[in-house]
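Some notes on the structure that comes next.
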Amino acid sequence: MTNSATSPPQFEVQILCLPEAIMGTVFNAVDVLRLADTVLKLRNPHALSPLGWKVLTPPEGPALFDTAQPGVFASTPARPSPAPENTLIMIPALYGANALELPIIAQRYPAVLALLKAHVAQGGIVAACSTGLIFPALAGMLAGLRLDTHWAFKAFFRRRFPSCDFSSPDAMSFHPQLYSCVAPSQQSEFMMAILARLVDEQVAQGCARLLQLQTERQQLGNQLMERDWLGLTSDSPVYRAKQWLEANIEQPYDLSALAVVASSSERTLLRHFQSVLGMTPLDYLQDLRVQRAKVMLEISLNSLQTIANACGYTNASTFSKLFRRAIGMSPGEYRRNHTFRTKRAHWRVTPH
């Protein structure tokens, strides 16, 4: 007769921990799994939890902490792992000084790459948080898939792995053997979405209620009193005008044409826009243009004229004045203070 205390859990999550990991994405995953285990035990206190987890450190890396500590870095009681098809390997987000450093980090751990390939070959699932996607990418798991990756590294991934479509509008993607999320801050939500798919949807919902701010419940009274509770409907002039402006940031501003799109007179559109958003359509468009310019200044080496053109201005000087008025500094100052890019001559890889 099999001893249930030594039987494998129905599903296990193995969380990879590397020195280069954004540690919050390791610990957030652990926190969600510990809470899910608590919820499962509250629901059925006399049964062993169907969920197991443990933190793994690769043989090539140092021992960062005692991953065998029961109840913290491994579920209790200790049980053997289930079959690969009932096991998910979670890869955390990685710190990288630049995109070129990501594959170098991953190649420091050939045993991890081999583990992932063997795991997938046996029917297992891999989940990657943000820049951790470099591991399944190098393991050959992206071919033919459609997903998204972090905006600051998207150009690199598209060039390096052209067989993958990185145009997905979804911040989380769930393919049969590869799950991914775009940003490190999504890790808790990502882990709960995985539990909903693979373990128990109600348990995942319970974790969400306990871990996430319940804004709707806590602020419902204020929202009903202070905000337009009906919101913008899809057939309202303001909604249609906003949609057109957001899709045509680089186009010249033309109030009469915008009123036609919104099925409204110019005067009515201006009145409704001011009433609902507290600004004019031109103010809204200029804000959209400034936000686009900020992103381009942060992640590209494009000239000011190129950025001005992308934001609907033929004259870079005019655009620079608008930007300074909105942000309080020139585009050049903003780029120096907020850039995520360095000139190619200064690219280097941080030594391990």
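A short reminder: the numbers here are calculations on the coordinates, not readings from a lab. Remember, it's a predicted structure, so these values are computed and weren't measured experimentally. Backbone-built Cβ (ideal geometry, glycine too); neighbour counts: all protein chains shown.
For residue 321, give me every one of the lysines with a C-alpha distance below 17 angstrom, ignoring sequence neighbours fewer than eight places off in its own chain. The reachable lysines, counting only those whose Cα sits under 17 Å from residue 321, are 294. Among residues other than residue 321 with Cβ under 15 Å from its Cβ, the summed charge is +2 (Lys and Arg +1, Asp and Glu -1). A convex hull fitted around the alpha carbon atoms of the stretch 237-338 yields 93 Å³ per residue. Remark: spin-label model distance residue 329-residue 292 equals 2.3 nm, labels positioned 7 Å along the Cα→Cβ axis. Taking every alpha-carbon pair within the chain, the share separated by more than 32 Å comes to 48 percent. Working from label points 7 Å from Cα in the Cα-to-Cβ sense, the residue 121 to residue 256 distance is 6.9 nm. In plain terms, if you count all Cα to Cα distances in the stretch 8-211 and split them into 10 Å steps from zero, the share in each step is 9, 37, 38, 14, 2, 0 percent. For residue 179, nonlocal amide neighbours, meaning residues 5 or more places apart or on other chains whose placed amide H falls under 5 Å from its own, are 126, 127, 128.
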